[in-house]
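Below is one structure; the comments refer to it alone.
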Amino acid sequence: MSEVTKELFIKRSPDLMELELPTATEQDLARISRELAIGLSVEEMKKVQRYFMKMRRLPTDVEMEAIGQAWSEHCCYKSSKIWLKKYVYPIQLDKIVAREDAGVMEFNKEYYLVAALESHNHPSAIAPYGGAATGIGGILRDVLCMGAQPVALIDPLFFGGLDWDFEKLPKGVKHPRYLFRRVYEGIRDYGNRVGIPTVAGQICFDDCYLGNPIVNVGCVGVVKKEELIHSYAAKPGEIYILAGGKTGRDGIHGVTFASADLDAGSEQVAQSCVQIGDPITKEPLIHAFRECVTKGLVEGSKDLGGGGLSCASSELAWERGYGAEIDMDNVPLKVAGLKPWEIWVSESQERMMLLIKNENVEEVLKIFESWDISATPIGKVIKDPVIRVLYKNEKVLELDLSFLLGEPTLKRPYETANVIREDNSSFDLPDLNEVLLSVVGSLPVASREKVIRQYDHEVRGKTVIKPLQGKLGFPTHGDAAVVKPLINSNNGIALTSDVNPSFTKLDPWRGTLSAVDEVCRNLVAVGAEPCCLADCLNLGDPTKLKTMGDLVQVCKALKKVASVLELPFISGNVSLYNEGLHGSIAPTPLILGIGRVEDITFCTTTDFKEREDLIYLVGETKKEMGGSLYYKLLNVREGKVPNSDPERLKESVDAVLEANHRKLISAIHDASEGGIAAAVSEMAIGGDLGCVLNLEKMKNLRCDIKLFSESNTRWVVEVKPEKAKEFEEIFEGKGIKTTRLGRVSGKRIRIADRKEIINLPIDLIRKEWNNGLKKWME
């Protein structure tokens, strides 16, 4: 405690402090918030001051810490929730069974689908291995606490440029190559050891993430409908049981740390904010918890994530208007000497809170003991809506839950930035052979095989469509992965995630529409009907007008497209204060797309299958080159970001699914970064078959735009000649444009537009594609 503030702190006992709030000035309030590292503004501190003046007593340090966690941006979404409630939450709400620690909706007659999506950005910037690993640990618990068996993990990752000069890095900023390697190693080691496959994700590199990587993690699971567990108390008298890992000093102030900007001094002060994961404890914890669920012993459950005991205990009780009494003397500790406030807000990993009927406590404790997992009763649900905490027989916290969890909401000012909606660029046509090789070897397109193979994406034996597809020995990228979660059913769950920050930094509205468009394209490409979305909205400092303007635009765009598609947001997260070396990161509204496959035997993959099959382009190509990979390679800074028409997207999705159900599609790949040229190349790489294409039917565009435009709602499709007429009729009937481009042929990619413009062997394309990212990982 500094000399200037110590007179505001009164030592009530060796372990407990009280704060002299009633006489505190605004300057004092600011210093108290800073000294306690609780991240509250002066206005918020004034609310606290008024509350305790009304209570006619001084607050303890435990109470101040609890308020700091509950009112953090990370926990209460105070800057974003008015926009989420207005635009995102209401979409197709009747399809959502629950939206708690994880979201729940129907999967089939017997099972629910459970999904969650989270961010672990700031911890991964400071301790990339631990930050990423504990992100996986936390998202698993989010799904598990709903009673579900996790079946798959997703890891969208965003880093600064790998070619950044080491000498130019400011003090305290880790090199993107180091962050990239340690993040995927953390995800690999945790996911592989706990035995849940990582099947989908995204890897993006952009200098806006320098100093502030984005590490988003998702998980899906399934649960029998009668075994669904909610994250709230059913009635007073239920016993709180703390199960899993012990409580220590790791992860203290994690949520307040995640609710502030990173700076050069963050690493020194934030090491204790990063949790320490333990997948070896997590794996039996999953089994023990699931055994309790299947035996009908669990009344409610919550993951101990952000805010630790403080948030979990309070939220479980408050959701149904109850309260809680907790005895911290019963909390198992890693080390002696923890102060009560440290115990209360620690975010130590591998912990879950269960609510159990009194008569079932002994049986639950025996189950956890049989799995060699700690489980301890620490409190009970009470009728009065207050949270009351004891430590060494002394009351150290008593707060009205309406005050603790009912504040605050901020309506921050915002402004919407101007965007470019025209393209006046003019440049000579480059050598398109060279451009294609540059495209496939670029970081946005190049093979992710070396990362994907770090993960055991086949553990549990349920991954039927894998992230790498193609003939044996010729892997290529798939559009989505598909898992078969149930033994006695051919139903599948398709997973993909997408956002293109090159689009969103230029035009948050169109960039967000494009992200949803792409996840839908990817899902239907494997034969899945999109059933829901999850969103992780990563943006910069919300005190900046532009950041808030971007957030509003993103939320409005999500409403527009998801409402037309009739897709609910099953889960979501908002991560603010992501400030890189060059200022705010690009708005990064990461979208997780989840699709339902009625019969996995109808799934399709991206690789070319057979010579002489026909190749079609579904959808319309336009000169929408803003943020495109082609323009970036040529250093052209003009152009409008591709737009998306949700009505046309819905019609196109329906048409592609109909063609899939009729088994008319041999191979299919969505056209995204790098345009149809990149899509065709990846299809050829996976099938080890070339193609002959003619672009003359694509009218009114220069040949390079035809090849590299990233217009939305497009697929490249392989169709057998005898099925061509039926295929074309489906799309014609819906007014959707299809263009017959050519056929599968030979071992080269040959493309003409009046004259030959590309002629390259697959082996050379594959070599460039394989080395694009791999060279930075050696």
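Read-outs throughout are calculated quantities, based only on the coordinates presented, and are distinct from any laboratory measurement. What you see is a predicted model, and the numbers here were worked out from it, not measured in a lab. Quick reminder, even Gly has a Cβ in these numbers, built from the backbone with ideal geometry, and neighbours come from all protein chains shown.
The table below lists the values:
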| item | result |
| --- | --- |
| Tilt relative to the chain, helix 26-36 - C-alpha long axis, 0 to 90 degrees, to 10 | 80 degrees |
| C-alpha long axis of helix 42-55 to longest principal axis of the chain, angle in ° | 40 degrees |
| Fraction of beta bridges assigned by DSSP in the range 229-392 that are antiparallel (%, nearest 5) | 80 percent |
| Rg to Rh quotient for the range 229-392, alpha carbon positions, Kirkwood Rh | 0.98 |
| Simple label model, 7 Å out from Cα along Cβ direction - residue 471 to residue 635, nm | 4.1 nm |
| Residue 697 versus residue 82: modelled label distance in nm, points set 7 Å from Cα along the beta carbon direction | 5.3 nm |
| Against the rule of thumb 2.2 N^0.38 Å, how large the Cα Rg of the range 1-157 comes out | 1.38 |
| DSSP-defined antiparallel bridges as percent of all bridges, the chain, nearest 5 | 80 percent |
| Within straight-line cross-link reach of residue 774, aspartates and glutamates at Cα separation under 18 Å, skipping those fewer than 8 residues along the same chain | 163, 185, 206, 449, 682, 763 |
| For the chain, with +1 on Lys and Arg beta carbons and -1 on Asp and Glu, the positive-most of 608, 481, 59 along the dipole | 608 |
| Residue list for the range 637-678, given a label point 7 angstrom along the Cα-to-Cβ vector of residue 724 and an amide N cut-off under 19 Å | 659-660, 663-669 |
| Nearest-0.05 FRET efficiency for residue 358 and residue 55, computed from C-beta distance (R0 22 Å) | 0.10 |
| The range 229-392 - percent relative contact order, Cα under 8 Å, separation 6 or more | 45 percent |
| Kirkwood estimate for the range 610-727, i.e. one over the average of 1/r between Cα atoms, Å | 15.1 Å |
| Beta bridge orientation in the range 510-628: antiparallel %, DSSP, nearest 5 | 65 percent |
| Sites residue 369 and residue 453 - FRET efficiency at Förster radius 45 Å, r taken between beta-carbons, to 0.05 | 0.70 |
| Net charge over other residues, Cβ less than 11 angstrom from the Cβ of residue 479 (K, R count +1; D, E count -1) | -3 |
| Gained length - residue 93 relative to residue 543, 0.36 nm times residue gap less alpha-carbon distance | 158.9 nm |
| Exceeding the 20 Å Cα-Cα cut-off - candidates 81/411; 556/734; 224/462 | 556/734 |
| Theoretical gain in end-to-end length, residue 43 to residue 166 [0.36 nm per residue, Cα-Cα removed] | 40.1 nm |
| Anisotropy class of the range 461-507 from Cα gyration tensor, a/c 1.5 cut | oblate |
| Relative contact order (%) - criterion: Cα under 8 Å, at least six apart; region: the range 3-67 | 35 percent |
| Set of lysines with alpha-carbon distance to residue 723 below 16 Å, sequence-local pairs under 8 removed | 609, 663 |
| Estimated [θ] at 222 nm from DSSP helical runs (n ≥ 4, -39500 (n - 2.57)) normalised by residues in the chain, nearest 500 | -10000 deg cm²/dmol |
| nm² value of the averaged projected area, convex hull over the Cα atoms of the range 103-182 | 6.2 nm² |
| Rounded tilt (10° steps) of 308-318 against the dominant C-alpha axis of the chain | 90 degrees |
| Extension gain from residue 747 to residue 109, taking 0.36 nm per residue of separation minus the Cα-Cα distance | 225.0 nm |
| Label-point separation, residue 421 to residue 400 (7 Å along Cα→Cβ), nm | 4.9 nm |
| Relative contact order (%) - criterion: Cα under 8 Å, at least six apart; region: the chain | 14 percent |
| Counted charge near residue 401, where neighbours are those whose Cβ lies closer than 10 Å (Asp, Glu -1; Lys, Arg +1) | -4 |
| Residue pairs, from the table 295/357; 450/720; 109/559; 623/720; 95/559; 54/302, whose Cα atoms sit over 25 Å apart | 450/720; 109/559; 623/720; 54/302 |
| Space enclosed by the convex hull of the alpha-carbon atoms of the range 481-628, per residue, Å³ | 148 Å³ |
| Residues residue 487 and residue 756, FRET efficiency given R0 of 35 Å [Cβ-Cβ distance, rounded to 0.05] | 0.10 |
| Inverse of mean 1/r across different Cα pairs in the chain, Kirkwood, Å | 27.0 Å |
| Rg(Cα)/(2.2 N^0.38 Å) for the range 3-67, N = residue count | 0.99 |
| Descending semi-axes in Å of the range 433-502, equivalent ellipsoid built from Cα gyration tensor | 28, 14, 11 |
| Eligible aspartates and glutamates near residue 392 by straight Cα distance, threshold 19 Å, same-chain separation 8 or greater | 15, 18, 61, 63, 65, 325, 327, 329, 342 |
| Amide N proximity, the range 115-157 versus residue 224 label position 7 Å along Cα-to-Cβ, cut-off under 19 Å | 144-151 |
| Listed peptides 685-694, 212-221 by packing density, highest first (mean Cβ within 10 Å) | 212-221, 685-694 |
